[in-house]
Amino acid sequence: MNIHEYQSKQILKSYGVAVPEGFHATSVEQAVECAAKLSTSKVVVKAQIHAGGRGKAGGVKVVDNKPEAVREAASNILGKVLVTHQTGPEGKQVNNLLIEQGADIRKEYYLSFVIDRQTARIVMMASTEGGMEIEKVAAETPEKIFKEYIDPAIGLAAFQTNRMAYKLGLPKEAIRPAQKLMSCLYNAFVGKDCSLAEINPMVLTGDNNVMALDAKLNFDDSALFRHPDVVEMRDETEEDPKELEAAAADLNYVNLGGDVACMVNGAGLAMATVDILKYYGGNPANFLDVGGDSNPEKIAKAFSIMLEGGQSKGIFVNIFGGINRCDQVAKGIIEAAKLISEDGKSLPVPVVVRLEGTNSEEGREILKNSPIKNVIMAPTMEGGAETVVKLVKEAEAKG
């Protein structure tokens, strides 16, 4: 789960992280009122969307703290559709603003805490290249990214924050403030069950203070039951409607933006299916794990979500039945055709089906004897992926 920057800063502030004073606004007039509460001569008007790269897209404006200047900046941002490297070409509409005080920036840095799956530890990462995309820094100048792996039994140690502060080349007067910020950010990461706590940029100010100029917190969905206050911060308008619909139906769905949909049971098999579709030149539309209790109604709902909006031009059903029963999956495909098509005997896109495991023979027979058109049985995972990609490309070529 993601939240907005202004919400992240509220949480970080409660843990002792230094952040600029700021206020949330949802209208132009409210933005002007918020700016009047700030004492600095400059204010920052920032778009609040769940995506990075807002500044490059025109979503961040530094203006004089005057009503007319704030009004103009807020009017230009609020309601605008921002297109960044993280939103995709469709962009995201700005419905919220953060109005905060300007800062005397002397130097920008990057700081984050994430979970390293290989070491099964939290790792603190920092860089002198603040304000830049960390992926770009990692690709072009990896030597500028410093890491400290944290022992879960001890937690973040003082010597680690001290060492990191010196690696970043901070002046002596800023070492203690930087150490405090790192410790407080770590406490927030652990205390709120975060999967990511990122400050980009962390800034050194003219008076040798260190603060979080931007903030991003992502949370482990499985731990949200422990944090009702975080759940209340959820902004469903920022989330993919298909993903919300799938979650309500107990389906694990992630929209990947492509045109070859896949329905799989098991996260590992789902990731492998996405990979093999890419291998054969396809553009996966989604990650969809139907789980281990795939009744016909659930399968039909999965089909409905995949076909919604005309995004998918073909579907690959890749099931290895363990707890799942392949005959139930087959019945779900038939049920989907009944719900989606007028005659109940067709699906709008070609569907390639590979069934293995529990009741796979029964499942194949059910589909073989059904009146549904556009369903093609595949004997192997590789053959199924290659077939569905070929069918989608042929359909695109025909226009």
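Coordinate-derived values only; no laboratory data. Values in this document were obtained by computation on a predicted structure and should not be read as measured data. FYI the Cβ positions are ideal-geometry reconstructions off the backbone, even for glycines, and counts take in every protein chain you see.
Over what distance in Å are the Cα centres of the stretch 188-238 and the stretch 343-367 separated?
Their Cα centres are 44 Å away from one another.
What list of ³J(HN,Hα) values in whole Hz, one per residue of the stretch 201-213 in order, does the Karplus curve 6.51 cos²θ - 1.76 cosθ + 1.60 (θ = phi - 60°) give from phi, with Gly and Pro shown as x?
Here the 3J(HN,Hα) series is x, 8, 10, 9, 8, x, 9, 6, 8, 10, 9, 8, 7 Hz.
From Cα pairs below 8 angstrom and at least 6 apart in sequence, can you work out the relative contact order of the stretch 53-201, rounded to a whole percent?
19 percent
Taking only DSSP H segments of four or more residues, each worth -39500 (n - 2.57), what value at 222 nm results for the chain once the sum is divided by all its residues, to the nearest 500 deg cm²/dmol?
It lands at -11000 deg cm²/dmol.
Starting from the Cα gyration tensor of the chain, take the square roots of the eigenvalues, sort them a ≥ b ≥ c, and report rounded, prolate or oblate (rounded when a/c is under 1.5, otherwise prolate if a/b is larger than b/c, else oblate). Each step should come with its number before you reach the end.
Values: a/c = 2.60, a/b = 1.89, b/c = 1.38.
Cα axes put the chain in the prolate bin.
About its Cα centre, what dipole magnitude does the chain give when the only charges are +1 on Lys and Arg Cβ and -1 on Asp and Glu Cβ, stated in debye to the nearest 20?
780 debye
Restricting to the stretch 240-398, what percent of DSSP beta bridges are antiparallel, rounded to 5?
20 percent
Distance cut-off 32 Å, Cα to Cα: go down the list LYS147/LYS242; LYS192/LYS313; LYS278/LYS331; LYS37/LYS192; LYS278/LYS345 and report the pairs above it.
Too far apart for the 32 Å limit: LYS147/LYS242; LYS192/LYS313.
Mind jotting down the distance between the C-alpha centroids of the stretch 92-117 and the stretch 276-310, whole Å?
Comparing the Cα centres of the stretch 276-310 and the stretch 92-117, I get a distance of 35 Å.
Could you work out the relative contact order of the chain, using alpha carbon pairs under 8 angstrom and six or more residues apart, expressed as a whole percent? Present the calculation step by step, with values, prior to reporting the outcome.
Numbers: 813 pairs, mean separation 47.1, N = 399.
RCO, the chain: 12 percent.
Assuming a ≥ b ≥ c are the square roots of the Cα gyration tensor eigenvalues, decide whether the stretch 240-398 counts as rounded (a/c under 1.5), prolate (otherwise, with a/b larger than b/c) or oblate. Working shown, then result.
Working: a/c = 1.15, a/b = 1.10, b/c = 1.05.
Note, shape of the stretch 240-398 comes out rounded.
Simple spin-label model, 7 Å along Cα-to-Cβ: ASP275 to GLN93 in nm?
About 4.0 nm separates the two model spin labels.
Pairs to check: LYS92/LYS136; LYS46/LYS107; LYS92/LYS398. Give those whose C-alpha atoms are more than 27 Å from each other in this structure.
From the list (LYS92/LYS136; LYS46/LYS107; LYS92/LYS398), the Cα-Cα distance tops 27 Å for LYS92/LYS398.
Which of the peptides 44-54, 218-228 is most tightly packed, and how do the rest follow, judged by the mean count of other Cβ atoms within 10 Å per residue?
44-54, 218-228
Can you run phi through the Karplus equation (6.51, -1.76, 1.60; θ = phi - 60°) for the stretch 131-148 and list ³J(HN,Hα) in whole Hz, with x for Gly and Pro?
Each residue's phi maps through the Karplus curve to give x, 9, 5, 5, 5, 5, 5, 4, 7, 9, 9, x, 5, 8, 9, 9, 10, 9 Hz.
State, as an integer percentage, the relative contact order of the stretch 240-398 based on alpha-carbon contacts under 8 Å between residues 6 or more apart.
Reported relative contact order: 23 percent.
How much of the DSSP beta bridge set in the chain is antiparallel, as a percent to the nearest 5?
Details: 49 of 66 bridges.
Roughly 75 percent of the beta bridges in the chain run antiparallel, per DSSP.
Can you give me the distance in nm between label points at ILE340 and LEU196, each placed 7 Å from the Cα along the Cα-to-Cβ direction?
Using points 7 Å along Cα→Cβ, the separation is 3.2 nm.
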